[in-house]
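A.B. asks: Mind having a look at this structure? Questions to follow.
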Amino acid sequence: MEDNQKLEFLKTTAAEILKHLGIPAEVNACRDEKGEVYQLDLSGTDLGVLIGYHGEGLSSLQLLLGLAAYRQFGEWLSLVVDADNYRKGREEKLRALAEGAMDKVRFLLRPVALPPLPANERRVVHMIIAEFADVVSESNGEGRDRHVVIKIRDAKNEPKTATVSVPATS
């Protein structure tokens, strides 16, 4: 029952915030397949204003809803807010960006820096890069200039395996 209360609270609170902002949208709330993340999917016309530059508006709404849920339930909820599948489309673009950068790294054999990205998008890029054995990624910079650098995995990034020789006894 508590799970349904949280879903209803998130849905109602999001709808109230959108109403106050004058943004007509339908709000659907559910849990992900694993039951770990609360997902709010917003649909409507002209949600670009809500999405904002690189999804900053969505991230802000997500933060507000997370804070409201914490105040209501006394615990932090894993929450993702999406509008008209923006985040899914953005993830596909980030995958293309990361794969293009990996190709460039492999060809030039030197590090390639991506443009500055918000934390949630850097996380997506790191997860994509982690799927490949020959490259690694790291975040560099501070604040709005924080970006991902992709480079060839070198010997010191490789997991160490030790072989031990045991002398024969006679």
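The values are calculated or read from the model by the stated rules, or taken from the named source; none is laboratory data. Since we're looking at a predicted model, the values are computed, not measured. Here the Cβ is made from the backbone with ideal geometry for all residues, glycine too, and neighbour counts use every protein chain on show. What goes into the accessible areas is simple: the full protein's heavy atoms, side chains included, and nothing from ligands, DNA or RNA. Shrake-Rupley method; radii C 1.70, N 1.55, O 1.52, S 1.80 Å.
A.B. asks: Which of LYS6/LYS93; LYS104/LYS151; LYS34/LYS88 have a Cα-Cα distance over 20 Å?
C.D. replies: Numbers: LYS6/LYS93 32 Å; LYS104/LYS151 10 Å; LYS34/LYS88 18 Å.
Over 20 Å apart, Cα to Cα: LYS6/LYS93.
A.B. asks: I've got another one for you. Mind giving me the nanometre distance, one decimal, between the label points for GLU8 and TRP76, set 7 Å out from Cα along Cα→Cβ?
C.D. replies: 2.8
A.B. asks: Provide the per residue accessible area, probe 1.4 Å, for the chain, rounded to a whole number of square angstrom.
C.D. replies: On the way: 11270 Å² over 170 residues.
Spelled out: the 1.4 Å probe surface of the chain, per residue, equals 66 Å².
A.B. asks: Between ASN140 and ARG123, what is the spin-label point distance in nm, taking each point 7 Å from the Cα along the Cα→C-beta axis?
C.D. replies: Between ASN140 and ARG123, the label points sit 2.4 nm apart.
A.B. asks: Of the DSSP beta bridges with both residues in the range 1-132, give the percent that are antiparallel, rounding to the nearest 5.
C.D. replies: Values: 6 of 11 bridges.
The antiparallel proportion sits near 55 percent.
A.B. asks: Select one label from (1) 43; (2) 39; (3) 54: the one whose number is percent of Cα pairs over 23 Å apart as derived from the coordinates shown.
C.D. replies: Computed from these coordinates, percent of Cα pairs over 23 Å apart corresponds to label (3).
A.B. asks: How many percent of the accessible area of the chain is carbon or sulfur, using a 1.4 Å probe?
C.D. replies: Values: 5980 of 11270 Å².
Carbon with sulfur: 53 percent of the solvent-accessible area.
A.B. asks: If you don't mind, another one. Under the definition of Cα pairs under 8 Å and six or more residues apart, what whole-number percent is the relative contact order of the chain? List each step's numbers first, then the result.
C.D. replies: Working: 208 pairs, mean separation 24.8, N = 170.
Here the relative contact order equals 15 percent.
A.B. asks: Something else: What are the residues whose amide H is under 5 Å from the amide H of VAL135, where those residues sit 5 or more places off or on another chain and H is modelled from the backbone?
C.D. replies: Residues meeting the criterion, in which the H sits 1.01 Å from N, are ARG153.
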